[in-house]
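The values are calculated or read from the model by the stated rules, or taken from the named source; none is laboratory data. Bear in mind that the values here come from a model prediction, so they are computed numbers and not experimental data. Every residue, glycine as well, gets a Cβ built from its backbone with ideal geometry; the counts of neighbours run over all protein chains shown. Surface areas here come from the heavy atoms of the whole protein model, side chains and all, with no ligands, DNA or RNA. Shrake-Rupley method; radii C 1.70, N 1.55, O 1.52, S 1.80 Å.
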Number of protein chains: 4
Amino acid sequence: MATPSNQNVEFVRTGYRKNAVKVLHIRREVIHHHITELIADIQLTLKTHKDYLTGDNSDIIPTDTIKNTVHALAKLKGIKTIEGFAMDICEHFLTAFNHVTRVRVNIDEVPWKRLEKNGVEHTHASIHCPEAWQFCEVEQHLSMTPVVHNGIKDIKVLKTTLSGFESLYGTIFTTLTDAKDRFFCTSVYARWKTVKDTIIQKFAGPYDQVLVLDRIPQVTQTDFNFGYNSLDNPPGNITGTVCRKPRAKM
Amino acid sequence: MATPSNQNVEFVRTGYRKNAVKVLHIRREVIHHHITELIADIQLTLKTHKDYLTGDNSDIIPTDTIKNTVHALAKLKGIKTIEGFAMDICEHFLTAFNHVTRVRVNIDEVPWKRLEKNGVEHTHASIHCPEAWQFCEVEQHLSMTPVVHNGIKDIKVLKTTLSGFESLYGTIFTTLTDAKDRFFCTSVYARWKTVKDTIIQKFAGPYDQVLVLDRIPQVTQTDFNFGYNSLDNPPGNITGTVCRKPRAKM
Amino acid sequence: MATPSNQNVEFVRTGYRKNAVKVLHIRREVIHHHITELIADIQLTLKTHKDYLTGDNSDIIPTDTIKNTVHALAKLKGIKTIEGFAMDICEHFLTAFNHVTRVRVNIDEVPWKRLEKNGVEHTHASIHCPEAWQFCEVEQHLSMTPVVHNGIKDIKVLKTTLSGFESLYGTIFTTLTDAKDRFFCTSVYARWKTVKDTIIQKFAGPYDQVLVLDRIPQVTQTDFNFGYNSLDNPPGNITGTVCRKPRAKM
Amino acid sequence: MATPSNQNVEFVRTGYRKNAVKVLHIRREVIHHHITELIADIQLTLKTHKDYLTGDNSDIIPTDTIKNTVHALAKLKGIKTIEGFAMDICEHFLTAFNHVTRVRVNIDEVPWKRLEKNGVEHTHASIHCPEAWQFCEVEQHLSMTPVVHNGIKDIKVLKTTLSGFESLYGTIFTTLTDAKDRFFCTSVYARWKTVKDTIIQKFAGPYDQVLVLDRIPQVTQTDFNFGYNSLDNPPGNITGTVCRKPRAKM
């Protein structure tokens, strides 16, 4: 490992990260089985840098232990929502270790859909249906409340009319001509910042991201990203962040 | 496109991004040809949000025009270093348009190596040799100087001894046993923040990242990341940032 | 290009292939729009090898022309089924050129699903829904009938019970223990050989591949492949081919 | 698992396959360590189909056992060449089990290069250098000699002159214009069929594939594939097979 060769240089931030911890949680009721599959990234920041500075490993929490802990927490606490499980992970590392100062957890939920036939749901079989991925990001510092973002991503939609692209800014390097009507294909990413994570779950997704801010007081900020692909060219992206206007003072 | 449904919500940031613009630049000297292949992402921030708010497209610089502009600049200005070319792109968009307020350019240089045989270099043929990727990130706001990061990534190295991992913090979920000696495989990422980009080019890479700070006054900060892969398990990562200590005042 | 250096060596097979030709076909009816997106690989075999042997390019059909031809045929003939379109492509190259002796076309159909709300179908918008991919492979030699395979792939299903794996063949290297019940996750690939391609379209997919042979006289052979993934280990595969038994003679 | 519903259908081929078994073999000499990393796919065909037909698992060799066996053989036999190791795997499964009738092994060797500085080789450290991948395919039926193919793949080369593409066959769909000179980028795949695998190792690779046939009597057939990528379009491929001419009889 690199160690500073003299006293002019210092570490300002260090971390341990375990990527792609996979969990399949099965809850077996009398008739139906319920599954949640997720992929979690966990990042820990420690109080000291002595592992980097002197090779003293006594503070290191091996990423193998991080993985085992995530599996154990899934068993002990269950998984009702990925946001709740991410908060359970943060709380565990901040309380079980007295030298962890910050935990960041990113979880993607694998999209499974219960099989059904003629309106009857299968008791224990699901099909992978990646129309959209739910995700969350939870970050918590020691003695602070967790900051929760969640959202929806990788939704690909296409429409074959009602998408014009006219009157653009032209330059000497412009070759794109105006199109009164064209097909439009986009991949949607939307991320919300919320005070209470459970609220968001009720909302359907990307069509409503402005409504979210407008109607729900607990949501404070929304990022979105429309990536568009014409069939043969590299992609472009349109991105934005909307937030609530500060209220005028009386 | 989503538009705010009333006056309580506002856009705080919007952007247009063109990903993965590919450029192959060939400089033909009398005997030897010199090539630079690169992949560039360009992100523009505009002064107004009227495209998002009212559907007025007159300020939009289509990502197709962004791509054409990058190709034209490569022809007009040449490509000596990817950092210099990224700064050329920033400068062009900030001066040629009076409604662009910020440009961010990420460039990866494709690793080509001139063929040689018995010490003689081929005049015009190269082989793709992805031992390491050079990259840079340049961000510039209107009327400001560009901020330049560059670095080296995707270097995979492996050693078969002299890597111990002992005396770790143990928990009830620990299964990893101490290893006096083991093989160790890592993928290296190192990113420097520099004042003059051209300096960094002289350094070989990840082994010297602390030396960089120690010896070269223009380099102000270094990020690094060691991702390690045992052969059959998901990866973990060790990350850090080192910076120069503030000098004591006299 | 490599050329044989003397007379002891001969070319036995050569070919030109265009991979990943993307087509989006839109059929606009008065109210509804219908889309078919597909990805086609086309491989041509020519009568002579003079391009390889003497550098004479006069027989070469550039892959760029192959791509343009596929786009033109989509416009001229339309796309009702991917099997029919693949046969149109074979027929075109075998009749429009007198030096093409064999055409092979592989088509994957991109899975789009019309949006609907409260049972009402959207007139012109679709969502990408990759629960399963339909594909076909058509090969035709000059003056022969086309050979058509088609099938369904990349279906991921998971069940949480009723999957045992017991009484296996044990060796000194066996570590897997018997499991009375376990969860089981598999990715399904099934390929049919058919006389008339249109018949297969009526079948729902992987559960019925034996029924296909059993009930439908035109289907002559079925390949299948179950790839299974436990959550953290590299995958294994179970493969097989079933075909109709030769009828006993009277 | 699908089972035939009546007596009209039969299994003609079944198999078990273990994909992507990773092996890192370290041979420690007094001073230098030598590593071979490889990725192996193993496919077994059994004598009966009773596992498919009646659910009788007693013949199944779990893919987990296949993986363990590969690891054990690497330890017991060592790995001098990937071809030799693939033949060791085939021989083991055909002799240790009396119900295995065919084994097919595909091995890719991960390209590692010993670090060196000023001409001195490092004793135990290597860098991943994927300029080219060596691979082999060995297939053996019970009581038969193994059939060995090997080759080299994923070599990307680019030249900036001396590549014309003129006088092509033109059609109404042709848009590509003749190019007297152009840059040309290709990815090379070459596969040899050989009697004694060890011979091929002496040859440098794709430039000599015809020479191979011409000069070395044990090599009987060569496949090659040039995939070319212009920078922004989907790829095309030129493929061929050369073999030795039958000798004229005296």
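Heavy atoms only, 1.4 Å probe, whole protein assembly: order B:Glu29, C:Glu10 by accessible area, highest first.
Numbers: B:Glu29 90, C:Glu10 65 Å².
Accessible-area ranking of B:Glu29, C:Glu10, largest first: B:Glu29, C:Glu10.
Between beta-carbons, use under 9 Å as the cut-off and find the net charge around C:Ile66, counting Lys and Arg +1, Asp and Glu -1. Walk me through the numbers before you get to the answer.
On the way: positive: C:Arg17, C:Lys18, C:Lys67; negative: C:Asp64.
In short, +2.
Ignoring any ligand, DNA or RNA, what whole percent of the accessible area of region B:60-136 comes from carbon and sulfur when the probe is 1.4 angstrom?
On the way: 1560 of 3200 Å².
Carbon with sulfur: 49 percent of the solvent-accessible area.
What trypsin sites (Lys or Arg not before Pro) in region C:56-156 are in a loop by DSSP, with at most 15 other Cβ atoms within 10 Å of the Cβ?
Values: sites: C:Lys67, C:Lys75, C:Lys77, C:Lys80, C:Arg102, C:Arg104, C:Lys113, C:Arg114, C:Lys117, C:Lys153, C:Lys156; in loops: C:Lys80.
Sites meeting the loop and neighbour criteria: C:Lys80.
Comparing the chain by itself with all protein chains present, which residues of region D:113-144 are at least 50 Å² less accessible (probe 1.4 Å)?
D:His124, D:Ile127, D:His128, D:Glu131
Can you pick out the pairs among C:Lys18/C:Lys75; B:Lys22/B:Lys156; B:Lys47/B:Lys77; D:Lys113/D:Lys193 whose Cα atoms lie more than 21 Å from each other? Write out the running numbers ahead of the final one.
Numbers: C:Lys18/C:Lys75 19 Å; B:Lys22/B:Lys156 25 Å; B:Lys47/B:Lys77 27 Å; D:Lys113/D:Lys193 26 Å.
Distance filter (> 21 Å) returns B:Lys22/B:Lys156; B:Lys47/B:Lys77; D:Lys113/D:Lys193.
Quick one: net charge of C:Arg191's neighbours, Cβ under 12 Å, K/R +1, D/E -1?
On the way: positive: C:Lys153, C:Lys193; negative: C:Glu137, C:Asp223.
Local net charge: 0.
Over region A:38-96, average the accessible area per residue using a 1.4 Å probe and give it in Å², no decimals.
Values: 2250 Å² over 59 residues.
Each residue of region A:38-96 exposes 38 Å² on average to a 1.4 Å probe.
Taking the Cβ of C:Thr161 as the centre, find all other residues whose Cβ is under 9 Å away and add up their charges (Lys, Arg: +1; Asp, Glu: -1). Display every interim value, and only then the final one.
Values: positive: A:Arg28, C:Lys159, C:Arg182; negative: C:Asp181.
That sum, taken over residues with Cβ under 9 Å, equals +2.
Could you work out how far apart the two model spin labels at C:Met144 and C:His71 are, taking each label as a point 7 Å from the Cα in the direction of the beta carbon, and quote it in nm?
Result for the modelled spin labels: 3.2 nm.
Given a 1.4 Å probe and no ligands, DNA or RNA in the count, how much accessible surface is buried by D and B, both sides, to the nearest 100 Å²? Please list the in-between numbers first.
Values: alone 16880 and 16890 Å², together 30870 Å².
For chain D against chain B, roughly 2900 Å² becomes buried.
Report, by chain and number, residues whose modeled amide H sits under 5 Å from the one on C:Ile60, excluding near sequence neighbours (fewer than 5 apart, same chain).
D:Tyr169
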